[in-house]
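A short write-up of the structure that comes next.
The values are calculated or read from the model by the stated rules, or taken from the named source; none is laboratory data. What you see is a predicted model; the values in this text were computed from it and never measured. Here Cβ is always computed from backbone atoms with ideal geometry, including for glycine, and neighbour counts include all displayed protein chains.
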Amino acid sequence: MHSIMIICPDHSPLKESEKWLSRYGFQVNSGTSLEQVDKYYEISEFDLLLVDQEIIDHLNSNEAELPKTPRHIILDASAQPKHRHI
């Protein structure tokens, strides 16, 4: 079973993915900050981190870094979609 850590604020769209991933057999844990997650979990034990861009912005302002492992995907809900003209 793959284990996934979701790190996002309560208002993030990633919160909805927690239910969906659990329903499809993934072991999912979540936290609202990297500090909180680091306190209660060993981050390297997860197969994947799903991280909200807001968490990354907070890290940058504190000069902290996201761990290099495990692999991670960052959701930026505020980003504007780019339109491609064909």
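Remarks
- The single condition among (1) of a type outside the set (D, E, K, R); (2) within 22 Å of residue 59 (Cβ to Cβ); (3) crowded, with 17+ Cβ neighbours inside 10 Å that residue 21 does not meet is (2).
- Against the criterion of being surrounded by 12 or more Cβ atoms within 10 Å (Cβ to Cβ), at pLDDT 70 or above, more than 13 Å from the chain's Cα centre (by Cα) and among the hydrophobic types (A, V, I, L, M, F, W, C), residue 46 does not qualify.
- Residue within region 11-18 that is within 12 Å of residue 70 (Cα to Cα), surrounded by 15 or more Cβ atoms within 10 Å (Cβ to Cβ) and either out of contact with any Pro (no Cβ under 8 Å at 6 or more places or on another chain) or not acidic (Asp, Glu) (or both) present: no
- Exactly one residue out of 39, 15, 19 is basic (Lys, Arg) and either under 14 Å from residue 72 (Cα atoms) or touching a Cys at 6+ places or on another chain (Cβ under 9 Å) (or both): that is 15.
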